[in-house]
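Here's the structure we're looking at; comments come further down.
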Amino acid sequence: MRTLCHGTDKLYNTTDKVFLVVECRECKLIRLYPWPEPDEIHQYYPENYWYDPGGDTADRLAEFWRRFVLRDHVRFVRKALESCEGTAPVLDVGCGGGLFLRELNLPQNQIVGLDFSVNAASVAWSSNGVPVACGALPRAPFRPGSFRTITMFHVLEHLYDPSAYLNAAHRLLQPDGRLVVQVPNAASWQFLLFGENWNGLDIPRHLIDFKEQDLINLLDYCGFEVVRRKHFSLRDNPAGLATTLALGLDPMSRRIRGVQDTPRVKLLKDMAYFALVLASIPLTMLEAACRCGASIMIEAKRKA
């Protein structure tokens, strides 16, 4: 392997340990090196790693924006649902506070979330009316063929063995079911421009940095074939560029790092970040049009 860059946790400051980002000379897969041990990696996930809206003006505006940009994901998944028969539930793996499932606007008995965090599950239930189970997908208490669609938004890059999750999804989907996955794109212009400072690396939480073909090869290995792909995400691509350019303005990073601001300063920083996100949209749309967007979203189905 060869070293591409090195870095530490700049986003949340959970550690000052330095990690390498390396590329296999043979298969060209990019990954973190060394991988943190399982009993170490949980230290890099703060308890409030997922989004939990507060009650002040800035948080209400952030919640409105999150719901707006999630429409991009919602439209993609609704299109996938058109190919599925019946009313079996949709499972969102790594659901956090459950906002995406709420925005799907399906009956409660047709949505299920899965997450490691008990606190996230509590917020999903209480704030968004989403039933959530806690645990890992390969060991989740679901029967084979239980779901018409399974979604994994920014999940696979965090896993030691992403094939275990994809194999579990293959088993849990009904025969005509759809799998929707999204990961950061290590072949994006943003990675080429910013290297170790690219927000999509998210050192040390991202263990594998997928390029589009890496993800397609993995899906094929696990019994899936690609139906659609998308290189632009209104929620993720512009915000990722904004965070790369001005990490100190990122609202989630400030909250988790415990930055103490007055309500006025907090609102001003959030507005400045929002302006930068808006300014980032044209460039991120251009890179996506060139199939070099900062994220890859894929709809796949089980092979015949």
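Observations on the structure shown:
Matching residues to (1) hydrophobic (A, V, I, L, M, F, W, C); (2) under 16 Å from the mean Cα position of the chain (by Cα); (3) on the phi > 0 side of the Ramachandran plot:
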residue: Glu63; (1), (2), (3): no, no, no
residue: Ala80; (1), (2), (3): yes, no, no
residue: Cys84; (1), (2), (3): yes, no, no
residue: Leu101; (1), (2), (3): yes, yes, no
residue: Gln110; (1), (2), (3): no, no, no
residue: Leu114; (1), (2), (3): yes, yes, no
residue: Val118; (1), (2), (3): yes, no, no
residue: Gly129; (1), (2), (3): no, no, yes
residue: Cys134; (1), (2), (3): yes, no, no
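- Boolean, Arg66 is more than 25 Å from Asp161 (Cα to Cα), part of a helix (DSSP H, G or I) and at pLDDT 95 or above: no
- The residue pairs whose first member lies in the range 75-96 and is farther than 27 Å from Ser117 by Cα and open to solvent by less than 10 Å² (accessible area, probe 1.4 Å), whose second member is modelled with pLDDT of 95 or more and of a type in the set (A, V, I, L, M, F, W, C), and whose beta carbons are closer than 8 Å, counting only pairs six or more residues apart or on different chains, are Ala80/Val180; Ala80/Val227.
- Test: Ser126 is polar (S, T, N, Q) and open to solvent by 40 Å² or more (accessible area, probe 1.4 Å): yes
- Selection count where residues are touching a helix residue (DSSP H, G or I) at 6+ places or on another chain (Cβ under 9 Å) and under 25 Å from Tyr45 (Cβ atoms), scope the range 223-268: 24
- Contact map, the range 140-154: residues that are in contact (Cβ under 8 Å) with a residue 12 or more places away in the chain paired with residues that are among the basic types (Lys, Arg) and assigned to a strand (DSSP E or B), Cβ distance under 6 Å, separation 6+ or inter-chain. Pairs shown: Thr149/Arg178.
- Count - residues of the range 102-123 that are charged (D, E, K, R) and open to solvent by less than 30 Å² (accessible area, probe 1.4 Å): 1
- Checked against the criteria, Leu247 does not count as over 20 Å from the mean Cα position of the chain (by Cα) and open to solvent by 30 Å² or more (accessible area, probe 1.4 Å).
- Residue count for the range 32-43 under the criterion of being more than 13 Å from Phe19 (Cα to Cα) and touching a residue at least 24 places away in the same chain (Cβ under 8 Å): the result is 2.
- Residue check for Met297: open to solvent by 20 Å² or more (accessible area, probe 1.4 Å) and either farther than 15 Å from Asp59 by Cα or in a loop (DSSP other than H, G, I, E, B) (or both): no
Yes/no matrix, rows are residues, columns are (1) free of Cβ contacts under 8 Å to residues at least 12 places away in the same chain; (2) buried (at least 21 other Cβ atoms within 10 Å of the Cβ); (3) under 30 Å from Pro138 (Cβ atoms):
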position: Ala242; (1), (2), (3): no, yes, no
position: Arg255; (1), (2), (3): no, no, no
position: Asp261; (1), (2), (3): yes, no, no
position: Leu267; (1), (2), (3): no, no, no
position: Ala275; (1), (2), (3): yes, no, no
position: Leu278; (1), (2), (3): no, no, no
position: Leu283; (1), (2), (3): no, no, no
position: Cys292; (1), (2), (3): no, no, no
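- Contacts under 6 angstrom Cβ, first residue in the range 46-65 being among the acidic types (Asp, Glu), partner open to solvent by 60 Å² or more (accessible area, probe 1.4 Å) and at pLDDT 70 or above, 6 or more apart: Asp56/Pro263
- Count - residues of the range 88-99 that are more than 16 Å from the chain's Cα centre (by Cα) and not β-branched (Val, Ile, Thr): 2
- Any hit, the range 258-278, residues being in a loop (DSSP other than H, G, I, E, B) and either among the hydroxyl-bearing types (Ser, Thr, Tyr) or under 20 Å from the mean Cα position of the chain (by Cα) (or both): yes
- Applying the condition of being in contact (Cβ under 8 Å) with a residue 24 or more places away in the chain and assigned to a strand (DSSP E or B) to the range 4-23 and asking which residue is most open to solvent (accessible area, probe 1.4 Å) yields His6.
- Residue in the range 200-209 that is at pLDDT 95 or above and more than 20 Å from Ile41 (Cα to Cα) present: no
- Any chance Phe153 is crowded, with 19+ Cβ neighbours inside 10 Å, aromatic (Phe, Trp, Tyr) and touching a helix residue (DSSP H, G or I) at 6+ places or on another chain (Cβ under 8 Å): yes
The values are calculated or read from the model by the stated rules, or taken from the named source; none is laboratory data. Model, not experiment: these values are computed from the prediction. Neighbour counts are summed over all protein chains in view; Cβ atoms, including those assigned to glycine, are modelled from backbone coordinates with ideal geometry. Note: areas computed on protein heavy atoms with side chains; ligands, DNA, RNA excluded. Shrake-Rupley method; radii C 1.70, N 1.55, O 1.52, S 1.80 Å.
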